[in-house]
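Read the structure below first, then the notes.
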Amino acid sequence: MADRMLQFVSVLQHQPEKRVVTERRQDFDEIYRDFDISQAEVQSSRCSQCGVPFCSIHCPLSNNIPDWLKLTAEGRLEEAYEVSSATNNFPEICGRICPQDRLCEGNCVIEKGFESVTIGAVERFITDNAWEQGWVKPVRPRVERAQSVGIIGAGPGGLAAAEELRKLGYQVHVYDRYDRVGGLMIYGIPGFKLEKDIVLRRHALLAEGAIEFHLGRGIGVEDTDTEIAFSTLRARHDTILIAAGVYKSRELGGPGSGLPGIVKALDYLTVSNRRSLGDAVPDFDSGLLDAAGKNVVVIGGGDTAMDCVRTAVRQGAKSVKCLYRRDRANMPGSLREVKNAEEEGVEFVWLAAPEAFLGDERVTGVRAVRMRLGLPDSSGRQSVDAVENSGFTLEADIVIKALGFDPEELPRLWGEEALEVSRWGTLKVGQKSFMTSLPGVFGAGDIVRGASLVVWAIRDGRDAALQMHRWMEAHVEQGLAVAAE
């Protein structure tokens, strides 16, 4: 079947069709249309099946990308799904929100004159098709183990670990402060990138596989109606995984930074997503977190900033500007997202940073200064310096802080001072063991590595689950395994 591959010399790269701007600005539906089977097969056939697959090497999950591309090109779609899902618990989600331009597609060895294989869109197609065909099944372990696992956090890292441990037969319980499963996938990422039914159907599948979810239950010091004490969880379960993510927004300084109308990105996105899910949202209804008819300034250059500017467009903002202190080439967010935002009417103010916020009773403007790039610092990233006498003002009715996230102070919040953290506040874990300073308590995802990508959280969750299994086999009485029905 080799003649089906290497078609990049005669077949052009084709991304899924995007909905027209005037249409997609009006709603929160995904902007990319689906591939059909013929499109997926043709685009998969462009893979060169190279000897060293840099796409796989640069995928945090080491997905067997050339293999499932070849199977798709040959029309063997169920096998393609099996290969894809063998290394990725949520391929339909990664196919939608991974920055493929910086990961797999960005490292495709096909010469750039021909352009890379459309990996992300094919990955999404494979699993969406598998759902339609009924090939995606809940976990059915071969044996049931008596050991119980508690997972703190129902985001991608916690869910990936839960599924892997359930496959091994453990009794898995997932705890989350929110009322829905998914973490930032449900409340942080807007529907135009990831429609919420995609996440909710995964929740239903995991629950059907006998993973128990305890939602609206945060972790604290004492047992209450809304919180469970960390000590209670440790007594209840044989082992614990902390996959709580990082939710503490980084703050802005400078004169006027406390004015009403200056809001946190996660608050803004959560309200918008809750409204899309049909929840009653007083902060939106009051206009506090509704951008309609307002001048919006978003500060930051990551994917969260892109989510905020594009959400503001859909809410009917009068103008939307993104203020970022570096240039386009040095921004951390996906360049595809920048392009999508520009198409939708967002104005980017590159090489500019805020120095003060104007207003009396609420914010009315941002006073900013021009920046220039300097020499690389110790991290290899270029430093930024203010340009003298370059100040200017942007009109603003809402200013959204999208500067990234830091971990919450878990040892204090949970009354567990023996839980060691790094100088950045992230959990300290063994590089290979994933175990924290507390025996039998493990950590994975953003709470360990800092704010990162969904795909890295999935990888960490999978790896931590394996180490938890090995630890329980060595340290927890196994009892008699029972054959699953």
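The values are calculated or read from the model by the stated rules, or taken from the named source; none is laboratory data. Quantities reported herein were computed from a predicted structural model and do not represent experimental measurements. No Cβ is skipped: glycine too gets one built from the backbone with ideal geometry, and neighbour counts run over all protein chains shown. Accessible surface areas use protein heavy atoms only, side chains included; no ligands, DNA or RNA. Shrake-Rupley method; radii C 1.70, N 1.55, O 1.52, S 1.80 Å.
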Only one of Val309, Val363, Val320 is in contact with a Gly (Cβ under 6 Å, 6 or more places away or on another chain) and aliphatic (A, V, I, L, M); which?
Val363
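Report the residue count in the range 385-444 for those that are polar (S, T, N, Q), over 24 Å from Gly218 (Cα atoms) and either touching a helix residue (DSSP H, G or I) at 6+ places or on another chain (Cβ under 8 Å) or not in a loop (DSSP other than H, G, I, E, B) (or both).
Residues meeting the conditions: 2.
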Hits in the range 214-252 - residues which are open to solvent by 40 Å² or more (accessible area, probe 1.4 Å) and assigned to a strand (DSSP E or B):
His214, Leu215, Glu227, Lys248
So Asn295 passes all but one of these: (1) closer than 30 Å to Arg370 by Cβ; (2) out of contact with any strand residue (DSSP E or B) (no Cβ under 8 Å at 6 or more places or on another chain); (3) modelled with pLDDT of 95 or more. Which condition number does it fail?
(2)
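Taking the condition buried (at least 22 other Cβ atoms within 10 Å of the Cβ) and over 23 Å from the mean Cα position of the chain (by Cα), does Val149 pass? Don't jump to the end; show me each part of the working.
On the way: buried (at least 22 other Cβ atoms within 10 Å of the Cβ): yes; over 23 Å from the mean Cα position of the chain (by Cα): yes.
Answer is yes for this residue.
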With criteria (1) more than 26 Å from Gln133 (Cα to Cα); (2) free of Cβ contacts under 8 Å to residues at least 60 places away in the same chain; (3) crowded, with 16+ Cβ neighbours inside 10 Å, Ile57 comes up short on (3)
Just the residues that are open to solvent by 20 Å² or more (accessible area, probe 1.4 Å) and farther than 17 Å from Lys401 by Cβ, please, taken from the range 253-275.
Arg274, Arg275
Would a scan of the range 16-29 turn up a residue that is out of contact with any Leu (no Cβ under 6 Å at 6 or more places or on another chain), more than 30 Å from Val346 (Cα to Cα) and not in a loop (DSSP other than H, G, I, E, B)?
no
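Which ones in the range 103-145 are outside any loop (DSSP other than H, G, I, E, B), aliphatic (A, V, I, L, M) and crowded, with 21+ Cβ neighbours inside 10 Å? Before you say what the answer is, go through the steps one by one.
Initial filter on the range 103-145 (outside any loop (DSSP other than H, G, I, E, B)): 105-107, 119-133, 143-144.
Applying the additional criterion that residues be aliphatic (A, V, I, L, M) yields 119, 121-122, 126, 130, 143.
Scanning the range 103-145 gives Ile119, Ala121, Val122, Ile126, Ala130.
So is Leu351 at positive phi, of a type outside the set (Phe, Trp, Tyr) and open to solvent by 30 Å² or more (accessible area, probe 1.4 Å) or not? Spell out the reasoning first.
On the way: at positive phi: yes; of a type outside the set (Phe, Trp, Tyr): yes; open to solvent by 30 Å² or more (accessible area, probe 1.4 Å): yes.
Considered against the rule, which asks whether it is at positive phi, of a type outside the set (Phe, Trp, Tyr) and open to solvent by 30 Å² or more (accessible area, probe 1.4 Å), Leu351 comes out as yes.
Quick one: is Ala161 part of a helix (DSSP H, G or I) and touching a strand residue (DSSP E or B) at 6+ places or on another chain (Cβ under 6 Å)? Working first, answer last.
Numbers: part of a helix (DSSP H, G or I): yes; touching a strand residue (DSSP E or B) at 6+ places or on another chain (Cβ under 6 Å): yes.
Considered against the rule, which asks whether it is part of a helix (DSSP H, G or I) and touching a strand residue (DSSP E or B) at 6+ places or on another chain (Cβ under 6 Å), Ala161 comes out as yes.
Okay, residues lined up against (1) at pLDDT 95 or above; (2) under 30 Å from Ala305 (Cα atoms); (3) of a type in the set (A, V, I, L, M, F, W, C):
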{"residue": "Gly443", "(1), (2), (3)": "yes, yes, no"}
{"residue": "Arg449", "(1), (2), (3)": "yes, yes, no"}
{"residue": "Ile458", "(1), (2), (3)": "yes, yes, yes"}
{"residue": "Gly461", "(1), (2), (3)": "yes, yes, no"}
{"residue": "Gln467", "(1), (2), (3)": "yes, no, no"}
{"residue": "Met472", "(1), (2), (3)": "yes, no, yes"}
{"residue": "Ala484", "(1), (2), (3)": "no, no, yes"}
More than 30 Å from Ala356 (Cα to Cα), out of contact with any Gly (no Cβ under 7 Å at 6 or more places or on another chain) and open to solvent by less than 10 Å² (accessible area, probe 1.4 Å): does that describe Gly278?
no
Wholly enclosed helices (runs of 4 or more DSSP H) of the range 265-314 bearing at least 3 residues within 24 Å of Met331 (Cβ to Cβ) and hydrophobic (A, V, I, L, M, F, W, C):
265-276, 303-314
